[in-house]
Each structure stands twice: as structure tokens, then as C-alpha cells.
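The values are calculated or read from the model by the stated rules, or taken from the named source; none is laboratory data. This one's a predicted model, so the numbers in the text were calculated from it and none came from an experiment. We place every Cβ from the backbone using ideal geometry, glycine too, and count neighbours over all the protein chains shown. Each accessible area value is taken on the protein alone, full model and side chains, heavy atoms only, with ligands, DNA and RNA left out. Shrake-Rupley method; radii C 1.70, N 1.55, O 1.52, S 1.80 Å.
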Amino acid sequence: MRLPLLALLAKEPAHGYELKQALEVTFGSAYPSPNIGQIYVTLGRLEKDGFVRAVDVEQSNRPNKKVYYLTAAGREALEAWVDEPTEGPRVRDEFFMKLVLAPLTGIADRMALVNRQRRHYLSLMRDLGELAERTDPGNRVARLLIEGAMLHLQADLDWLERCQEDLT
Amino acid sequence: MWPAVTSTPVIRATGLVKIYQTGGLPVPAVRGVDLVVEPGEFVAIMGPSGSGKSTFVHMLGGLETRTSGEIWLDGKRADTLSESGWAVLRRQKVGFVFQFFNLVTNMTVADNVELPALLGGASPKHARERREYLLAELGLEERAGAAPGQLSGGEQQRVALARALANQPRLLLADEPTGNLDSRNTRDVLKLLGKVHRQGQTIVLVTHDARVASMADRVVSLLDGQIVDDAPIARLQRRPGGTAGDIVELHG
């Protein structure tokens, strides 16, 4: 959450609620809607680290609101984030832990574990397919997020098949 | 449009076995499979390559003979039929879609789609109407006069699907129908499969594509020629106000 907020503030100063709205508009329904409390907590930490600063803006009949803007240190942190390659997905799968460890304890059958997991992945895929149908075709960001999630799921299923071939 | 729904399963296979005899060594491909498919059901068959899934659906369509076991299609014993008996049964009751379209290259798209209806005994007028309906459903009405070679892969696969549905089969069988398609063309085929399924079409298809399988009511998993799982695909329990965004986060 920290760096996306810095990126939004690099465009223009904003208060917390505006940042929440900007995230929602940009990513659409394919991305979990950010919690406003979480945004304020993150902004507080960014302020403490010197990456953003806040100014109080007076409002008539309402409490002052804090408008945040990016500092030079904040811009540097943002540039460093953009410039470095992003870690690829790591195979550190909770299901794999279950699959490997369960038979040692005698509490579960590997075949049953794999079968249940496959059906769960297919349920997730069906959900994604329905989400894709509901998503505005013009929202390319949301569409690509869903497509990415689908491709990850396909890879998970292919890997599950390999696990079933080799471990059961 | 569909025969009255009865309690007769569209497919009932029991103890189905296929052993290939290659150079003296018997190689079992399918080792005792039981499957019942009710009218209107959509069943996806999954499994690693070599698990026997293609052999299995080919036997269900009479494209391969079984070594032992029984196949009943729409209440009629089918495994004891001769090759010509199977051909008649397929014309009347089964549509088949393959990974590589198998369209007749020197016939137009329209003729490719009309042929099975004509072979199935439909009048030329009925066959033409059915073809016009299917090609329109698939957004292909303007391609009717084209040769298959002039079409993209996705268009050819849609034509293959139209052909398989031309004689209004009791059963649609498919073997990796999207295996050769890119993501956009896969979406077109998925849409049509979803549509005919909602209209009551019984479908059994082999696929490794999770998007295709996720549209099924039920997934059957094969491993080493045997069924290791046969169960419905459950609906996800939705949390109030939850969006699939949570899924994106899980897998992003």
C-alpha cells in the first residue's frame, strides 16, 4: 500500500479519502477496495518516515482536513521502487505444505487433498469468469488483473496435476 | 427442440477398458471406468497426458472400440454395434468436436455445417435453416460461403462446433476443443458452450483448460486410466460485499 500511495501523491497532493477513490477508479472491481483506516495508518507511517508531509486545510463548518504531498525523499523512494525489477511469484504454497506433510501424520490422503484442491481452483476460476463478464470491457486495468489471476490459477492447476502424478 | 426429459441417462458406461496391443505388449489406456451422465449435464474430464481421457471420450463416441465393458447411449446399448451401426448412431445422436477442427477443406463453411444434418436425414430446407441459425448464433453468417482455410483458428473452431450441433445431438463430445486457440478465440468458444449448455445441451469434454472446465457442472479426473475423482464444482461461498478482488489478491 505504501508505494501505490506515493505514486498517487506524485501526481498531485490529496487527502486520504481522495486516495481511496483514486485507487478504486484506477483498478476497478478486480482489486480489493482499500480500507480508509488502512490508508490513514499508512499515510501516518509515510509521514513519520519523511516521505510525505501533511498540511491542514481549513474547511467551513467541518474539522480541518489533512492534505498530503510528496517530499523529495518520498519521490526518491518511489523512483527506486519503479526502477527495480519486481520479484516473480514464489512457490511457497500452503497447499504444498499440506500435501507433503499430511501423510506423515496419517491424517489425510494425498489423492483426496489434490482432488479437493482441484475442485476449489475450478470454483475460483468460475468466479473469475463471472467477474470478467461483469467487468466493463473498457476497463483494461481490471481486465488484465483478472486475466493475470486466471493464468496463475491455470498454472496452479497444471502444477497440481504434476503433484498428483508424482506424489500419489 | 429437445426430446422430452426422461430419467434415462444420456451416457451410462460400466467397467470400460481399453488395452492397446502394440508389438505384443498390452498397454492398458483405460482400466475400468464407470460414468453416468444425465440429460443436460456438462461434465469436464481432466487428467495428465497419458491418463486415458482422450481414449475414453473416443470410445464414448464409437471412434475407438472398447476392449471390454458396456456403453449405453440414450438408453441403447452401443458398445456391441458394428462400425456402420456406430456411424448411424453418431449421425443421429452425437456431435464431436476435436482439437484440430477436422473441417472438410474443399467444401464451404455452409456445406460443412449442413452435411451432418443431411446425413442424419434432415431435409435440405431444414438443414439450411439449422445452419443459418447456428452460424448466426456464432457471428459467422457472413463467412458461410468461405472455405475453411480462409478462416482464423477461432472461426474454424466455431464452425466445427456448429457442425457438431447441426443435427441437434443428444450428446456433444469434445476433445480439447480450445487446445489450439489463443485466449480471445477460446472466449468465443466458451460463450457458445455456455449458451448451448443453458439451453439443455448435454456436454462431455476433455480439457486441460481451467476456464473451459470451470463451466462444467461436474469434473471427472482420470489418472492412469482410472477415475480418481468425480464430483460437482461447488459455488464459492460469497462473503457479504466481497468481490472477486479478494481472489486477485490471493493469486496476484
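Quick notes
- Which numbered condition A:R126 misses (of (1) within 7 Å of another protein chain (Cβ to nearest Cβ); (2) of a type outside the set (A, V, I, L, M, F, W, C); (3) surrounded by fewer than 18 Cβ atoms within 10 Å (Cβ to Cβ)): (3)
- Scanning region A:21-48 for residues that are in a loop (DSSP other than H, G, I, E, B) and free of Cβ contacts under 8 Å to residues at least 24 places away in the same chain turns up A:P32, A:S33, A:N35.
- Pairing residues of region B:45-61 that are among the β-branched types (V, I, T) with residues that are open to solvent by 10 Å² or more (accessible area, probe 1.4 Å), at Cβ distances under 7 Å and at least 6 apart in sequence or on separate chains, gives B:I45/B:K53; B:T55/B:K18; B:T55/B:A29; B:T55/B:E64; B:V57/B:D175.
- Number of positions in region A:28-45 that are open to solvent by less than 60 Å² (accessible area, probe 1.4 Å) and out of contact with any Gly (no Cβ under 7 Å at 6 or more places or on another chain): 5
- Pick from region B:184-194, criterion in contact with a Lys or Arg (Cβ under 9 Å, 6 or more places away or on another chain) and not basic (K, R), ranking: most open to solvent (accessible area, probe 1.4 Å): B:D188
- Flag for A:R110 being touching a residue at least 12 places away in the same chain (Cβ under 8 Å), over 30 Å from A:L8 (Cβ atoms) and at the interface with another protein chain (Cβ under 7 Å from one of its Cβ atoms): no
- Qualifying residue in region A:126-138 (condition: closer than 29 Å to A:E18 by Cα, basic (K, R), free of Cβ contacts under 8 Å to residues at least 40 places away in the same chain and out of contact with any Phe, Trp or Tyr (no Cβ under 9 Å at 6 or more places or on another chain)): no
- Subset tally (residues that are open to solvent by less than 50 Å² (accessible area, probe 1.4 Å) and within 10 Å of chain B (Cβ to nearest Cβ)) for region A:129-144: 5
- Test set (1) in contact with a Leu (Cβ under 6 Å, 6 or more places away or on another chain); (2) within 13 Å of chain A (Cβ to nearest Cβ) - B:T202 fails condition number: (2)
- Members of region A:146-155 found to be out of contact with any Phe, Trp or Tyr (no Cβ under 6 Å at 6 or more places or on another chain) and open to solvent by less than 80 Å² (accessible area, probe 1.4 Å), listed by number: A:I146, A:E147, A:G148, A:A149, A:M150, A:H152, A:Q154, A:A155
- For region A:156-168, a tally of residues being open to solvent by less than 40 Å² (accessible area, probe 1.4 Å) and more than 7 Å from chain B (Cβ to nearest Cβ) returns 3.
- Residue identified as at pLDDT 85 or above and more than 26 Å from A:R2 (Cβ to Cβ) among A:R75, A:R119, A:R53: A:R119
- Here A:N64 meets each of (1) open to solvent by 100 Å² or more (accessible area, probe 1.4 Å); (2) assigned to a strand (DSSP E or B); (3) at pLDDT below 85 with one exception, condition (1).
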